[in-house]
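To start, the structure under review is shown below, and the notes come after it.
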């Protein structure tokens, strides 16, 4: 990364200034901040390190910068180092060096932008994990897009990543789902089984009931009620998961593993961990319930609910009880170095409890990463579309994919930071204009593909590289500058911030469009043949980088539109 190279130059400059006596001896910070320059006139990169050293050296930042700048080693990458008030070190890249990187970018292809931050560390990203009580909605789609893109970015950043879907197939919500199907199933045969008070009245439940009638006939009506509920619940969960897999696959989301909550209880892990917590003094009993107590928590948290509240023993363990089993399964049984949870913001209260549980079990809470995203509001014609599995009023992911396709869903859901609420404008998603961010970026890729096809038709051999020294136009250099920053963008995005990639894609598309309008890429003039070859090489590199960024966020890079 260029930032790292410049930081190393500054470090060497500080060391040389100390050795020359221009600066006193002091411990150079481990991290030297370097940022992209905000104004072209001030250089391409800047560092405020001298301002942070002012207190240590008891010297004005500008004076420190003036002492360091002459000692920064010369390199072919940097054309000029300037000192600017109140104490910045500004670096201007050498334009010839920049242009010579274009063939390197093109040669790297899909590897361009990769950074080895993870050094092969095994991490797990658990995401979506919607209750298996109905179809995936657009709210869960944001979870899916975030989790899948973060996983891809972490892979590009040098981590070994496993994607996992956690199936909440234990507890009362799943039973209510099964009871809902059974009630509609019975009605299909003219029988009357009351609909559960906390049931799921959606049309999809009626459709499941009709399918259950075809599968089981009347047999479920001839068995004890509890047995019928268990059987149709297991069957219903299987049906939901099959549709979830299909719907997510159409959104280009796939999982390596599917972990079932009920396995923690049938396999004995829950009892094992309860014994560990009791031995550590973290389990107390009062009000007919079992509670988790930890100094980091303001109040006790229920682990096993009272039989007066939940008669069925199998349904008494809370989500926290399952979360404790799950974190142990992730960090100990399977040995992930880091477990990343993608949760809705409504789960913020669960985070301190799970962290406290990890600490109580002797695990480092820093190995747990919780990413909380705000929910999505779907709008059509300026009006809000309501969504709720319980009420039966919701727009499914399947509906959305069928209407607008996966690309607008994935791209648009990544255009904001996850901590802000998102208004998803369905009208904008299908609009073919520069206002639609995914259309704007994909059109840039398509435009490049068209330019390259035209070049081939006119006899240019795209396998023959052009002379990068001919790339001197301001639009060419601006485009190259942005291509060179992809490794840095991926490094920043790897800090669980995939929105940086959609922003980068939009900026890169804009720079290419400017280059396209300001520079003749394919020329028939004999005297411009070499320049055309150089510009075609730059176009190929840009196309490769755009495709790379789009693929990291799961969006198609079309050749034609």
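Worth a mention:
- Protection proxy ranking of 292-305, 83-96 - average other beta-carbon atoms within 10 Å, highest first: 83-96, 292-305
- Region 2-93 - convex hull of the alpha-carbon atoms, volume per residue in Å³: 81
- Cα gyration tensor category, rounded, prolate or oblate, for region 471-511 with a/c compared to 1.5: oblate
- Helix axis angle, 499-518 relative to the chain longest principal axis, alpha carbon, degrees: 40
- Per-residue [θ]222 nm for the chain (sum of -39500 (n - 2.57) over DSSP H runs n ≥ 4, rounded to 500): -15000 deg cm²/dmol
- Label-to-label distance, nm, for residues given as residue 375 and residue 496 (7 Å Cα→Cβ offset): 2.1
- In terms of its alpha-carbon gyration tensor, region 207-329 comes out oblate; a/c meets the 1.5 threshold, while b/c is at least as large as a/b.
- 28 Å tail of the calculated P(r), region 53-197, as % of Cα pairs: 61
- D (Stokes-Einstein, µm²/s), Kirkwood Cα radius, region 292-441, 0.890 mPa s at 25 °C: 132
- Cubic angstrom per residue, convex hull over Cα atoms of region 172-250: 88
- Shape of the chain, Cα gyration tensor, a/c cut at 1.5: oblate
- Stokes-Einstein, applied to the Kirkwood radius of region 300-344 over Cα pairs at a viscosity of 0.692 mPa s and 37 °C, places its translational diffusion at 270 µm² s⁻¹.
- Value of relative contact order over region 172-250, rounded to a whole percent, pairs C-alpha under 8 Å and six or more apart: 39
- Going by neighbour counts of Cβ atoms within 10 Å, the residues 430, 253, 174 line up, fewest first, as 430, 174, 253.
- Ordered by the count of other Cβ atoms within 10 Å of each Cβ, fewest first, 396, 257 give 257, 396.
- Cβ-based exposure ranking for 519, 325, in which fewest neighbours within 10 Å come first: 519, 325
- Using the average count of surrounding beta-carbon atoms within 10 Å as a protection proxy, the listed peptides 341-353, 503-515 rank, highest first, as 503-515, 341-353.
- Seen from a random direction on average, the alpha-carbon convex hull of region 300-383 projects onto 8.3 square nanometres.
- Between region 335-369 and region 25-45, the alpha-carbon center distance in angstrom: 35
- Computed from the C-alpha gyration tensor, the three semi-axes of the ellipsoid equivalent to region 402-526 are 31, 19, 12 Å, from longest to shortest.
Bear in mind that the values in this text are calculations on the coordinates, not laboratory data. Quick caveat: nothing in here was measured; it's all calculated off a predicted structure. With ideal geometry, Cβ positions are generated from the backbone for all residues, glycine too; neighbour counts draw on all protein chains shown.
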